[in-house]
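One structure below.
All of the numbers you see were taken from the coordinates with simple rules; none came from a lab. Please read these numbers as outputs of a predicted model, since none were measured by experiment. When we count neighbours, we look across all protein chains shown, and the Cβ atoms used for this are built from the backbone with ideal geometry, even at glycine.
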Amino acid sequence: QVQLVESGGGLVQAGGSLSLSCTASYNIFSNYHMAWYRQAPGKSRELVAHIASSGGTNYADSVKGRFTISRDNAKNTVYLQMNSLESEDTAVYYCNAYRGLQSYWGQGTQVTVSS
C-alpha cells in the first residue's frame, strides 16, 4: 500500500508564500502522474496542479502564474510552491498519485491565508 505524506501547510498572510511537499512511502514516482488538489469548506475538491510522469505540467486558471508544481523522482517527492497567496487559496491541500485505475491520496495539509 502506497502512503503519501504531505507537509508544509500553515498560516500565512495574503501575498505571502508557502511550499508544500508530498513524499511517497516507496518509489512510485517514475511511473505515476502526480497532482495537488484542494478542498475549501463547503466546496468540492478541485484540481490545483498536475505533473505527468514525463514532467509536463498544467494548472487551474485560478493559480496560473502563482503556483509551481515540480517533482524529484529520486526523493519520491512532489512539491507545490505557492506565491502571492490569496484568502481564496485557503483550503486543505491533498496530494494524489495515479496511474491507470490506481490512485492514492495523502491525508491533507491545511493552508490558511489571512487577509
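Note on the chain: GNM, Cα springs under 10 Å; of SER62, SER53, SER70, the largest mean-square fluctuation is that of SER62. Site pair ASN31 and GLU46 shows an inter-label distance of 3.4 nm when each label is modelled 7 Å from Cα along Cα→Cβ. Scoring 98-107, 76-85 by mean Cβ neighbours within 10 Å over their residues and listing the highest first yields 76-85, 98-107. The chymotrypsin sites (Phe, Trp or Tyr not before Pro) of the range 6-61 that DSSP puts in a loop, and whose beta carbon has at most 14 other beta carbons within 10 Å, are TYR26. Sequence-ordered 3J(HN,Hα) estimates for the range 101-115 from the Karplus curve with 6.51, -1.76 and 1.60 and θ = phi - 60° stand at 8, 8, 8, 10, 10, x, 7, x, 9, 7, 10, 10, 10, 8, 8 Hz, glycine and proline given as x.
Distance from the alpha carbon centroid of the range 37-90 to that of the range 1-19 works out to 10 angstrom. Converting the Cα gyration tensor eigenvalues of the chain into ellipsoid dimensions via √(5λ) gives semi-axes, longest first, of 23, 14, 13 Å. Among the GluC sites (Glu not before Pro) found in the range 32-115, those both in a DSSP coil and sparsely packed, with 15 or fewer other Cβ atoms within 10 Å of their Cβ, are GLU86.
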